[in-house]
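I have placed the structure first, in the form of structure tokens, so that the comments after it can refer back to it.
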Amino acid sequence: MTQQMLADRLRRSKSWVDKVERGVRTLDRYSVIQELAHVLRVDPEVLLGQQRSTPAGTPDGVDDIRAALARYDTPQAPAHATEELRRQVGYAWLTYQHAHYAQLVRVLPDLLDAAQGAQSAELLVQAYRITSSVLVKLGEADLGWLAADRAMAVAGDDRVLAATAAVSVGQTLRAAGRDRLALAATLTAANRITPTAQRLAGEWAVGGTLLLQAALAAAGCGDTRRAEELTDRAAGIAAGLREYDDPHRTSFGPIAVDLARVVVAVLRGDAAEAVQRHVTVIRREAWRRLPAEYRGAYLVDAARAYLQVGDLRGAARALVDADSVAPAEVRCRPLARTVIAEVARGHPAPAGVARLATLVGLTR
């Protein structure tokens, strides 16, 4: 279908169609989206980036994870099972990074049983970290802290493993509203791992990730100066890293630092700066290479920035984009539900968000 044909069927100008296709003009009315979907013979959800295969609400299975964490009699796994466990851990990481949380919740209990019975501290730490991360997403910060604390205990004197576990500790403490504790834990771990110049790039990335977690915690405490100093330190590390293997699943780099600056600005209440930075950073190629989970979570934070400046349409765009990138980030996380509810209170509610509110069970 040419632009002119589409324009004729919509009773609009070819210039209007061209601007919509190029992103110059935004489809901000749901009635127009419905009309366009009818002409294209597709469901409106396709144009809104909403996938029906992702149900709303907390996935079933959190109690099974709790039960797995409560088991202390897991039989020892045979030595030859280590490689299979490594494969399972890799699969769990990919599932997490693609934000398939319902699927991940189903496999974690068995993964935890297998990892607890294996003789590999590295794989057990990773299993605990994955568990902690997804529990934080689902609003189970206290249970997530238990998994992160287990990871720290298993890591023992291994500075790199302990540093990766400390990332999870910081995330869970921040999610629980314990920013000062998160700051102390992450900064201590960062100072232990970063001074050694001989460390591999992936290990430096862990140190940089800890500094970003510390910066976010400092911003949560209201310590703006420290948050900026820690972010600058992380930026220094990121500037020295080029392409590198990421065995510790940090996604650290210059783009991660730039996104952290946006979130720090949101936390300190400087929403205008946050929005300005956001508009610039999401245009970069590095943004599109980040895992879906990372982008989806960040876009929910960006929606909060738009809310702070009173831009409901901007907040709606960020939420709809987040739902397109990582539906579970919007449909399963209690934090996202809160943001959706605030945006949906607008009259009329922006296109896309009204449907998201209905989808997640919120009344408009």
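The values are calculated or read from the model by the stated rules, or taken from the named source; none is laboratory data. In this text, all values refer to a predicted model and were calculated from it rather than measured experimentally. Reconstructed Cβ throughout: ideal geometry from the backbone, glycine too, with neighbour counts over all protein chains shown.
So here's what we get for this one:
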| item | result |
| --- | --- |
| Residue in the range 330-341 that is over 26 Å from Glu35 (Cβ atoms), polar (S, T, N, Q) and assigned to a helix (DSSP H, G or I) present | yes |
| Residues within the range 147-194 that are assigned to a helix (DSSP H, G or I) and either buried (at least 19 other Cβ atoms within 10 Å of the Cβ) or in contact with a strand residue (DSSP E or B) (Cβ under 6 Å, 6 or more places away or on another chain) (or both), tallied | 32 |
| Of the criteria (1) over 19 Å from Gln126 (Cα atoms); (2) in contact (Cβ under 8 Å) with a residue 40 or more places away in the chain, which one Ala218 fails | (2) |
| Candidate set: the range 55-91, residues that are at pLDDT 90 or above and under 13 Å from Ala118 (Cα atoms); chosen: the one surrounded by the fewest Cβ atoms within 10 Å (Cβ to Cβ) | Arg86 |
| Residue count, the range 342-364 (criterion: assigned to a helix (DSSP H, G or I), touching a residue at least 60 places away in the same chain (Cβ under 8 Å) and β-branched (Val, Ile, Thr)) | 0 |
| Tally of residues being among the charged types (D, E, K, R) and under 15 Å from Asp149 (Cβ atoms) across the range 175-191 | 1 |
| Residues that are touching a Lys or Arg at 6+ places or on another chain (Cβ under 8 Å) and of a type in the set (Ser, Thr, Tyr), drawn from the range 146-189 | Thr164, Ser168 |
| Selection status of Gln116, crowded, with 24+ Cβ neighbours inside 10 Å and not aliphatic (A, V, I, L, M) | no |
| Ala315 vs. criteria in a helix (DSSP H, G or I), out of contact with any His (no Cβ under 8 Å at 6 or more places or on another chain) and buried (at least 24 other Cβ atoms within 10 Å of the Cβ) | yes |
| Single condition Thr172 does not satisfy, out of (1) modelled with pLDDT of 95 or more; (2) more than 24 Å from Gly61 (Cα to Cα); (3) not aromatic (Phe, Trp, Tyr) | (2) |
| Selected residue (criterion: nearest to Arg289 (Cα to Cα)) from residues of the range 308-364 that are of a type in the set (S, T, N, Q) and under 19 Å from the mean Cα position of the chain (by Cα) | Ser324 |
| Of residues in the range 56-70 being of a type outside the set (A, V, I, L, M) and part of a loop (DSSP other than H, G, I, E, B), the one nearest to Ala148 (Cα to Cα) | Gly61 |
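Condition check ((1) among the charged types (D, E, K, R); (2) surrounded by fewer than 18 Cβ atoms within 10 Å (Cβ to Cβ)) across all residues:
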{"position": "Arg249", "(1), (2)": "yes, no"}
{"position": "Asp258", "(1), (2)": "yes, no"}
{"position": "Val262", "(1), (2)": "no, no"}
{"position": "Glu273", "(1), (2)": "yes, yes"}
{"position": "Gln276", "(1), (2)": "no, yes"}
{"position": "Glu285", "(1), (2)": "yes, yes"}
{"position": "Arg289", "(1), (2)": "yes, yes"}
